[in-house]
1. From R87, R75, R70, R98, grab the single residue that is within 20 Å of N14 (Cβ to Cβ), surrounded by fewer than 15 Cβ atoms within 10 Å (Cβ to Cβ) and of a type in the set (D, E, K, R).
2. What single numbered condition from (1) at pLDDT below 95; (2) crowded, with 18+ Cβ neighbours inside 10 Å fails to hold for W82?
3. Could you check segment 38-84 and list, in sequence order, the residues that are in contact (Cβ under 8 Å) with a residue 60 or more places away in the chain and of a type outside the set (V, I, T)?
4. Of all residues in segment 34-67 being surrounded by 17 or more Cβ atoms within 10 Å (Cβ to Cβ) and aliphatic (A, V, I, L, M), which is farthest from K10 (Cα to Cα)?
5. Mind listing whichever residues of segment 51-92 are part of a strand (DSSP E or B) and under 9 Å from the mean Cα position of the chain (by Cα)?
6. Restricted to segment 30-42, and to residues that are of a type in the set (A, V, I, L, M) and touching a Phe, Trp or Tyr at 6+ places or on another chain (Cβ under 9 Å), which residue is modelled with the highest pLDDT?
7. Got a number for residues in segment 85-103 being in contact (Cβ under 8 Å) with a residue 24 or more places away in the chain and more than 26 Å from A41 (Cβ to Cβ)?
8. For segment 1-33, which residues satisfy the criterion of being touching a Ser or Thr at 6+ places or on another chain (Cβ under 8 Å) and crowded, with 16+ Cβ neighbours inside 10 Å?
Amino acid sequence: MTVALVDVLKALGNPTRLQIMEWLRTPEASFSEYEPMADRAMAGVCVTHLASKTGLSQSTISTYMTTLERVGLVRSTRVGKWTHYRRADAGVEELLARLKDHI
């Protein structure tokens, strides 16, 4: 089942979530000041690094990332007790195609 386009756009309507999506395009460059806890290409960026970079609490970032995951824009991976997030390129491509069809 495809997530409604309006739900995806609502998820991106939050400036912090939109900024996170931008950072996740180039995680190595965007998070170079943080020592990776796992391979960023495979696992993504640790939620603690996302929280630190945004200045928001881990619980707020977790909620934001759950929203982005629910609409198919990111994927999560557990590494030990930490959750890492990376862009779901297929979801991003689907969004772009759907926008092209609608606008």
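1. Values: R87 fails: surrounded by fewer than 15 Cβ atoms within 10 Å (Cβ to Cβ); R75 fails: surrounded by fewer than 15 Cβ atoms within 10 Å (Cβ to Cβ); R98 fails: surrounded by fewer than 15 Cβ atoms within 10 Å (Cβ to Cβ).
R70 is the lone residue from the list that is within 20 Å of N14 (Cβ to Cβ), surrounded by fewer than 15 Cβ atoms within 10 Å (Cβ to Cβ) and of a type in the set (D, E, K, R).
2. (2)
3. Within segment 38-84, the subset in contact (Cβ under 8 Å) with a residue 60 or more places away in the chain is 70-73.
Residues satisfying the conditions are R70, G72, L73.
4. A43
5. Going residue by residue through segment 51-92, those that are part of a strand (DSSP E or B) are 74-79, 82-87.
Scanning segment 51-92 gives V74, R75, S76, Y85, R86, R87.
6. Residues of segment 30-42 of a type in the set (A, V, I, L, M): 37-38, 41-42.
Then drop every residue that is not touching a Phe, Trp or Tyr at 6+ places or on another chain (Cβ under 9 Å), which leaves 37-38.
On the way: M37: 87, A38: 90.
Once the filter is applied, the top-ranked residue is A38.
7. Here the count works out to 3.
8. A11, R17, I20, W23, L24
The values are calculated or read from the model by the stated rules, or taken from the named source; none is laboratory data. This is a predicted model, so every value here is computed, not measured. Methodologically, a virtual Cβ is constructed for each residue, glycine included, from the backbone with ideal geometry; neighbour enumeration extends over all protein chains shown.
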